[in-house]
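Right, one structure below, let's go through it.
The values are calculated or read from the model by the stated rules, or taken from the named source; none is laboratory data. Quick caveat: nothing in here was measured; it's all calculated off a predicted structure. Cβ sites come from the backbone with ideal geometry, for glycine too, and all protein chains shown count toward neighbours. Note: areas computed on protein heavy atoms with side chains; ligands, DNA, RNA excluded. Shrake-Rupley method; radii C 1.70, N 1.55, O 1.52, S 1.80 Å.
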Amino acid sequence: MLRLQNIHTYYGNIQALKDVTIDIEEGEIVTLIGANGAGKTTTLMSICGITPPRKGEIAFKGSHIHKLKPEEIVKLGICQVPEGRRIFPDMTIVENLEMGAFLRNDKAAIKSDLDMVFDLFPILEQRRSQLGGTLSGGEQQMLAISRALMARPRLLLLDEPSLGLAPLIIQQIFEIIKKINKENGTTIFLVEQNANQALKLADRGYVMENGRITLVDKASDLLANDEVRKAYLGL
Ligand code: ATP
C-alpha cells in the first residue's frame, strides 16, 4: 500500500533520514520504534509531504506521492495524528471533529462518521460541547485520533499516541487502535518510543537508529530479539 524507497530527508544541511526503505501492506499494523531523535517523526512528515525527501521515492497504492502537497496526500487517504495531539483548544469537540472532515462535502456520510467516532469514544459524545483545551491528555489523544478518522483515512499515521499518558489510558488507546484496524480496515503506521506496547500491537516492526533502518521483522520476533530487548525494552 505504501512504499518508501531509499528516501533521504534533510532539514537544511542536516540529514535526518538516510536511505530509508519501508513497506506497508494494506490492512497491516506496522510500527516504527527508535530512540529520541532517531528520525521517526521525520519519517511521518516525509510521507505527509511536510518535509519531502530530497532523494528517493514514496508511492501510495502504486502512485508516487513524494512531490504532492500535504493536502493532496490527505485527499488520497493518508492522515496523520501528530505528536502532542495539536487539537484546537478553543473549539468544542464537535467543531474539532468537523475540522477533520474539512476536505469532504458528503454531509450525510460525515454525520455517520461522527456517530462512528462517538461509538469508539463515548466520552467524546458526552462532552461534545466542551472546549478541546479543557480535556485531559488522554481525552485529547482520543479527540486527535477521532479528528483524523473524520477524514476517512485508508492509512492512519500515529505519532507517539502514548506520550505522557497514564498506563491505563495507553492500554485503552492501543485497544481502540486495534479496533480501528480490525473493524474499519484502516491500515496503521504507528511511531512509538513505547516499544513494548507498540510491538505487542503491531504485525511487523521497523527499528530506526540515527536516521537509518537497522532492523525489520515480525513484531513478535522483534519482541524476542536480544538486541531490541536490551536497547528498547530495558530487559
Ligand atoms: P522524538 O521521539 O524525539 O520525536 P524522532 O525519532 O521522532 O524523535 P525526529 O524528530 O524525526 O526524531 O528528528 C530526527 C533528527 O532531525 C534529530 O536529529 C532532530 O534533531 C532533527 N530535526 C528534527 N526536526 C528538525 C528541524 N525542524 N530542524 C532541524 N533539525 C530537526
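Under the condition of being within 16 Å of the ligand (Cβ to nearest atom) and among the charged types (D, E, K, R), which residue from the stretch 157-191 is farthest from Val74 (Cα to Cα)? The selected residue is Glu160.
For Gly164, the requirement of being surrounded by fewer than 17 Cβ atoms within 10 Å (Cβ to Cβ) and within 16 Å of Ile87 (Cα to Cα) is met.
If you scan the stretch 142-153, which residues turn out to be in a loop (DSSP other than H, G, I, E, B) and under 24 Å from Ala195 (Cα atoms)? Correct list: empty.
Tell me which residues, restricted to the stretch 1-30, are charged (D, E, K, R), under 18 Å from Ser63 (Cα atoms) and open to solvent by less than 60 Å² (accessible area, probe 1.4 Å). Once the filter is applied, which keeps residues that are charged (D, E, K, R), under 18 Å from Ser63 (Cα atoms) and open to solvent by less than 60 Å² (accessible area, probe 1.4 Å), the stretch 1-30 yields only Asp23. What do you reckon, is Leu235 away from the ligand (no atom under 15 Å from the Cβ) and touching a Ser or Thr at 6+ places or on another chain (Cβ under 7 Å)? Criteria not met by Leu235. Among all residues of the stretch 170-189, there is at least one that is among the hydrophobic types (A, V, I, L, M, F, W, C), within 19 Å of Gln80 (Cβ to Cβ) and outside any helix (DSSP H, G or I).
Checking each residue in the stretch 18-73 for being within 20 Å of Lys218 (Cα to Cα) and either assigned to a loop (DSSP other than H, G, I, E, B) or touching an Asp or Glu at 6+ places or on another chain (Cβ under 8 Å) (or both) picks out Glu25, Glu26, Gly27, Glu28, Ile29, Val30, Thr31, Leu32, Ile33, Gly34, Ala35, Lys40. Taking the stated definitions as given, is Glu160 free of Cβ contacts under 8 Å to residues at least 40 places away in the same chain and among the acidic types (Asp, Glu)? Considered against the rule, which asks whether it is free of Cβ contacts under 8 Å to residues at least 40 places away in the same chain and among the acidic types (Asp, Glu), Glu160 comes out as no. In the stretch 31-89, of all residues being surrounded by fewer than 14 Cβ atoms within 10 Å (Cβ to Cβ) and polar (S, T, N, Q), the one that is modelled with the lowest pLDDT corresponds to Asn36. For the stretch 188-199, a tally of residues being at pLDDT 95 or above and either open to solvent by 10 Å² or more (accessible area, probe 1.4 Å) or closer than 14 Å to Leu44 by Cα (or both) returns 4.
Just to be sure I understand the filter: pairs with C-beta atoms under 8 Å, separated by 6 or more residues or on different chains, first member in the stretch 41-54 and of a type outside the set (Val, Ile, Thr), second member within 10 Å of the ligand (Cβ to nearest atom) and part of a helix (DSSP H, G or I). Which pairs pass? Final answer for the pair search is Pro52/Ser46; Pro53/Ser46.
The set of residues from the stretch 99-113 being open to solvent by less than 60 Å² (accessible area, probe 1.4 Å) and under 16 Å from Ile145 (Cα atoms) comprises Gly100, Ala101, Ile110, Asp113.
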